[in-house]
1. Could you grab the relative contact order for segment B:154-249? Cα pairs under 8 Å, six or more apart, rounded to a whole percent.
2. Quick check: the angle from helix C:153-180's long axis to the longest principal axis of chain C, C-alpha only, nearest 10 degrees?
3. How large is the direction-averaged shadow of the alpha-carbon convex hull of segment B:185-303, in nm²?
4. Using a Förster radius of 56 Å, what is the FRET efficiency between residue A:183 and residue B:169 based on their Cβ-Cβ separation? Nearest 0.05, please.
5. Set the Förster radius R0 to 60 Å, insert the Cβ-Cβ distance between residue B:120 and residue A:11 as r into 1/(1 + (r/R0)^6), and round the FRET efficiency to 0.05.
6. Could you pull out which residues in segment B:45-70 have an amide N less than 12 Å from a spot 7 Å beyond the Cα of residue B:192, following the Cα-Cβ vector?
7. According to the Kirkwood expression over distinct Cα-Cα pairs, how big is the hydrodynamic radius of the protein assembly as shown, in Å?
8. Can you tell me, using C-alpha contacts under 8 Å and at least 6 residues apart, the relative contact order of segment B:74-173 as a whole percent?
Amino acid sequence: MKWYIIKRLLQIIPVILGVTLIAFALIHLAPGDPVRTMLGQHATQQEIDDIRIKYGLDQPVYVQYFIWLGDVLQGDLGRSILSHEQVTTEIGARFPNTIELAIAATIFAVLIGVVAGIISATKQYSIADYSVMSLALFGISMPVFWLGIMLMMIFGVILGWLPIGGRIDLLIPFHSVTGFMVLDSIITLNGAALISVLSHLILPAIALGTIPMAIIARTTRSSMLEILRQDFIRTERAKGLSERKVIYKHAIRNAMVPVVTVIGLNFGLLLSGAILTETVFSWPGVGRLVVDAVYARDYPLVVGCILVFALVFVIVNLITDLLYTYIDPRIHYD
Amino acid sequence: MGRDKSYNIKAGVLAIVVCGILIAVSFSGCMETTPTVTEKVVIFACAGDADKLDPADVTDGESTARTDSIFEGLVEYKSGTADIQPCLATSWNISADGKNITFYLRQGVKFHDGTDFNADAVVFSFERQYNTSNPYNQYGEWAYWGYMFSDIEKVEKIDNYTVNIMLSRPNAAMMTSLAMFTVAIVSPTNAALWKEDAFKHPVGTGPFKFVEWVKDDHITVEANKEYWRGAPKLDKVIYRVITDPSARLLAIQAGEIQGMEYPDPASFNSITSDADLQLLTQPGMNVGYLAMNNGYGYNDANHNGMRDTDEPWVKTPGYFVPFTNRSVRQAINYAIDKNSIVENLYKGTAIVAKNGMPPFMLGYNDDIVDYPYNTTKARELLSEAGYPNGFNTTLWVMPVSRPYMFDPAKIGEAIQSYLEDVNIHVDIYQIDWSTYLEKTQAGEHPMCLLGWTGDNGDPDNFMNVLYGENQCTLGTAGNMAFYNNTEVQDLLSAALQTYDVDERAQLYEEAQVIIHDDAPFVYLAHANQNLVFTKNVQGFVLNPTARYFFYPVDMT
Amino acid sequence: MTRKRETKSHELIRRFRYNKSAVFGLILILFLVCLAIFAPLIALQDPTPSPPKLENSLKPGFWSNESIPGYPLGTDILGRDILSRIIYGSRISLTVGFIAVGIATALGVLIGVAAGYYGGWIDNVLMRITDILFAFPSILLAIVIVAVIGQGLDKTMIAIGIVYSPQMARVMRGSVLYIKEMEYIEAQKAIGSSNTRIIFRHVLPNSLSPVIVYGTLMMAGAILDAAALGFLGLGAQPPNPEWGAMLSESRFYIVSGSWWAATFPGIAIVIAVLGLNLLGDGLRDILDPRLKE
């Protein structure tokens, strides 16, 4: 098992390197002279030349790549052109916001999706089944940004139940500890803050989580159906176990295996969706940062965000794989 | 054997989570309407974040919105007007030839960092902008200096509380310009401490002190208890960035914020009918326009704000042959239905503009007859000019709300549609705001939307900055049409150098006639200034310069 | 008299007609295709009138007594008819979706067949590259490609095509691997057919089903992604009536009561994507139940 982990980690490296290669190629493929962009209109030729030497831009491209890679491995992702801050600072400030949103969305998606899928499977061909499956089909056909707008409209504008922007009511005093607002409000025992943060989190989480929820519901259903048909279920039933026990003790456990895989595989969808959800809800996360950075042609920032996204995605996939092996004892990876 | 435990647990968890969310939702409803804070805090929502917090190095209203709480200048505007009164200077003397102004400074004033306000601070604040050998000059662009203050030759300390400003020629607008944010007094000690990062750590003498800046989220300032006029009534002002105008409106309706700028004109009905809100509105001292790049700019190598003979005209990057032709520019004026735009897009919160400054300014020429909406005439002119089949071009459009244009993208699309009708095919080009300013100031656009809010109530601040050929400097231009007309510049310069009000008015009127005929711009509208506050925020007075002054504000 | 044995295509069509979701999906898609083709005949107004009729700005539709005849779903901020824009917008969405999938298929076939057929280190390298592309969330990759090649509808098609090609490559590769094992391929090799001949005459035609199924499902995703790019302002440029762009233009007017401009384009997107998903699901059931995993 340990060797499997190591083997998988090693497999990730060429993928990450490939991502860095693409990211690096981007800065150079993009139109415009990055140095001029960085220094602004009034740069003298001398200043430009100095910067070129300082960043090694007078070297051949492959040398530049390795210099840049070296910087990246030491944690230096360069400076944002617009804000002049370190890219790592900019991303670091917003990263927890995106992660909290993603986690909230995943919790929503898993809870509702799994329950819906199980109900659907156990009552196959009933009205409940058709309803759930139709809703799920709608779910995967909806653009996440439209869903966000509709939720804002119904719950924010028309009903006025929930706020539609920001993370917390600014009048509530709040102290940051880890940067993860939900966690921080719990740690600092700040009830008002926790409530405010959660209420700001609901709509974006639902918007973001709906598509994964639909996918999970469908996968859970087909996985459950598959399992319920199998022989060992029939033996359990023959043994006289109550239907409920059959379902909940055995079927679900086994059906979860492909569901876990699906959650992991669709994490990329979640990250994509986060970009759009954050834009709609003015959520201060990395998704919105990357869109703003692309608008502003702020290439160091764009590249930094790409690396972060790719890294997160790859790590989540790895965790999914490992979780998969843990859950399903029939599979081993010696 | 009883129910399976895992089912119970699952159901239980689900139930708890759902209940928790319901409780949270209902509580949050309570929390937002009755905050149990004892501090008087006004959360003011802005459409964008500040660029920098150094008042001398910015040209945008978002930055000045924040710096106006932190900094002050030698003189300031009287509440609600563009007339000046003493501030950090208690009195002044203008010499007979109009070229020297001596200021007597207020004593006993301290900066927020505890250091004294004195002549050294004043000299520093000015010198770092005009003196290229000053070590702090390299830390900024100082764009506004070139627009308004290039007549200042030298600022020198006479004694600890006396300063003399030497002008190269008389300047009728200079006194009122000195109330502008560009020449607010900053702490030299602070500048020395932070050097190029000083724009993130502002220290001034104003009624509020800087607390924190969370980029793209909020900037907090708190009351300066030692303010020389007495502490402000508010404890804090938080400038919150909410780019989405719907979110701003919902936030103020929900009581999450207490003030906001740039309400959508389409929502005025809901605002005025809301008992908890107040809409503050007045005619704006601004102009929104479509600028056509007339072709040529120059590099102000001598840094004197004027085009000298050794600074030749060069083609701007956005040089576009059709726009060098007056008939084409006039045709475009005829092709756009300004009345429709003002009525339906501005929804009546503006007046149609026929000149480059609003009607209440000194020297406004009301006799000028605006170009009417006439597509036949437009096509005729285009044919005459040699473009019977029209042409293709690009319209640059801002991505943010401006005081003179709430939704530039929509206005741009409307213009695109009008021009299509006369065979001019327009692509829309949009980039982020700071790059937009940078590039248009460098003349990279064939045509662009932009505008201007008056800074000092003086006509020179519109006419000279926007339409004088001296302002066609590549990289820091104020004249976005890169309109070169020496006759106009002479008129404008003469108007600035005389103190005779009637003479000035006449010179400006003449200039407007020429500008109207040359049609370098399409003047669209003078928009009202609109702010929304909750009813419990009292004492805010709109200023024609669209600057926000929170000192007199109180909360009940 | 015995019935003639059904040909394969007859069997497929029969199975199709019994698959309700496939039929429904097909109907939706055909409906949209008709809208797209016959737009000038169906739409009541010019989608981008020039000069604009600004006085019609933000008028509601048939449900309100303030509506204007001829503008059943209301107007947007520039007074343009929402229904007509949605109808013309179908042209844009369907075209973008189709071409993007076309590009993805072309690239995917190239990569997938090469990897699957030749195997070995070619396979390894190509699969590593697709892994890398998979490491990007699709919108992010599309945004980034657009950042390099520029904005606009044509660039959108290319960007999305590139984004979906790894998936198609995987599908092709899987299909090729499966077919490769089949005996008649061995037989072909034994009698000396060239590789190209084998690929074109045997491998590709037999890979048609997965391509059709995944192509349909991918087109659904492509339309969503194109709308997302349009929403972010990176896709179709004004005044094109692209559904995603229409959403982003109109969302700020909801709060002042004009909800229709942002609601109906979204519904249009849902219909298009739903139709394709239903059709794709149905096709998968019919053509290759094996693919259902």
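The numbers here are math on the coordinates, done by the rules we state, and not lab data. What you see is a predicted model, and the numbers here were worked out from it, not measured in a lab. No Cβ is skipped: glycine too gets one built from the backbone with ideal geometry, and neighbour counts run over all protein chains shown.
1. 14 percent.
2. 30
3. With the hull built on Cα positions only, its mean projection is 12.9 nm².
4. That gives a FRET efficiency of 0.30.
5. Once rounded, the FRET efficiency stands at 0.40.
6. The answer is none.
7. 32.9
8. About 27 percent, as a whole number.
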